[in-house]
Structures are given as structure tokens and as C-alpha cells.
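Please treat every number below as a calculation from the coordinates, not as lab data. What you are looking at is a predicted structure, and each value in this text was computed from that prediction instead of being measured. Here the Cβ is made from the backbone with ideal geometry for all residues, glycine too, and neighbour counts use every protein chain on show.
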Amino acid sequence: MTEAYLSIGSNMGNRLANLQKAIQMLNVPPKIDITAISSVYETEPVGGVKQDSFYNIAVKVATGLTAQQLLDHLHNIEQELHRRR
């Protein structure tokens, strides 16, 4: 198993519920184990785009997935949660 650290944030809708849903969705593949979750931090947006504040967490996972498989799974989660880039 490989350790990976993920940064997850939400600034739309119910921010806390979005973070919780993302964590639940991480557990779907059998090869991802969440080993630690940080506290929730609220941060202001950066970069000049007018938007709401973010809720952010860091998540430590152990996975048997390759880096590409993990990235693909994370992109799928983003799509299911309707992330807009």
C-alpha cells in the first residue's frame, strides 16, 4: 500500500456536507483506506475571483491503486459532486 495525502475543499452549497460526501465516496474502491482526516479549516479564496469562502480538509489514505488510478477516481468523485472548474 502507498500513502497519499489529499486536499479537499468546498465553497458551494452545503460545504460541510460536500466534504463528508467526498470522504464517503473515497471508500467505494476496495483499495483505498482512509487513515487520517484533519480538522475543517475555513479559508478565503485566492486569485481575485469573487467567490465564497472554502471549507478545507486534508485526508491521508493508504491505497493499492496506481497514481493514475487514484487520480481517475478523484476526478470521478469531482464529477459526481458536480465540481465546476
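Points worth noting:
- Gain upon complete extension [THR2, LEU71; 0.36 nm per residue less C-alpha separation]: 23.5 nm
- Where labels lie 7 Å past Cα in the beta-carbon direction, separation of ILE23 and GLN79 in nm: 2.6 nm
- Reachable aspartates and glutamates, given that their alpha-carbon falls under 13 Å from the alpha-carbon of LYS60 and they are not under 8 places away in the same chain: GLU3, ASP33
- Gyration tensor over alpha-carbon atoms, the chain, equivalent ellipsoid semi-axes in Å: 24, 14, 12
- Extension reserve of the ILE37-GLN51 stretch, reckoned as 0.36 nm per residue once the Cα distance is removed: 2.5 nm
- Given charges at beta-carbon only (K, R positive; D, E negative), |dipole| of the chain in Debye: 160 debye
- Counting only residues at least eight positions apart within a chain, or on another chain, the aspartates and glutamates with an alpha carbon under 14 Å from that of LYS21 are GLU78, GLU80.
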